[in-house]
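Asks: To start, I am sharing the structure in question, which I have written as structure tokens.
Just so it is clear, none of the values below were taken in a lab; they were calculated from the coordinates. Just so it is clear, the model here is predicted, and its values are computed rather than measured. Every residue, glycine as well, gets a Cβ built from its backbone with ideal geometry; the counts of neighbours run over all protein chains shown.
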Amino acid sequence: MTPKLLGFFQLGAETVRLFVGPGNGGSFQTVLDDGGTAVIRVGLDHREWNRCLGVLLHEAIELSFLRNNLRYCPSMDYGGDNGSHFFAMNHTQFSEALSQASVFVSLTIPELCKAYKKHHKSKP
């Protein structure tokens, strides 16, 4: 399965493209070769829907933290390990970032659910 665009959805002050494809992981990218809007990618190969939804939630929250200047990584992170990222915020910032992510997630769930069901229906 090649990655498929599910649509454009609001996350905070920006529109984010949601792609689905093979795999169990997820990622987001903010600087793209095509010059387009940020992208969140979610793998559909999880056996349980809740795990797929968890990946979406993780990526949406982390991108919201980044856009609200709440996500940091060491400047000398030569290995590029995502485990070196950390988040620092007060309760108000936390609430705002989660509110933004929750709007994104609520808008994307219907399309992600359809894609998940279609992906698993086609498997032997």
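Asks: Consider only pairs whose beta carbons are under 9 Å apart and that are at least six residues apart or on different chains; among these, list those whose first residue lies in the stretch 104-123 and is farther than 14 Å from residue 19 by Cα and whose second residue is part of a helix (DSSP H, G or I).
Replies: 117/49; 120/49
Asks: Can you confirm whether the stretch 54-66 contains a residue that is surrounded by 15 or more Cβ atoms within 10 Å (Cβ to Cβ) and small (Gly, Ala, Ser)?
Replies: Checked the stretch 54-66: at least one residue is surrounded by 15 or more Cβ atoms within 10 Å (Cβ to Cβ) and small (Gly, Ala, Ser).
Asks: If you don't mind, another one. Would you be able to tell me the number of residues in the stretch 78-87 that are in a helix (DSSP H, G or I) and either among the hydroxyl-bearing types (Ser, Thr, Tyr) or touching a residue at least 40 places away in the same chain (Cβ under 8 Å) (or both)?
Replies: Matching residues across the stretch 78-87 total 1.
Asks: Restricting the search to the stretch 77-121, which residues are surrounded by 15 or more Cβ atoms within 10 Å (Cβ to Cβ), in contact with a Ser or Thr (Cβ under 6 Å, 6 or more places away or on another chain) and of a type outside the set (A, V, I, L, M)?
Replies: 100
Asks: Another question, if that's okay. If we only count strands (runs of 3 or more DSSP E) wholly inside the stretch 1-77, which ones have 1 or more residues that are among the basic types (Lys, Arg)?
Replies: Correct list: 4-11, 14-21, 39-43.
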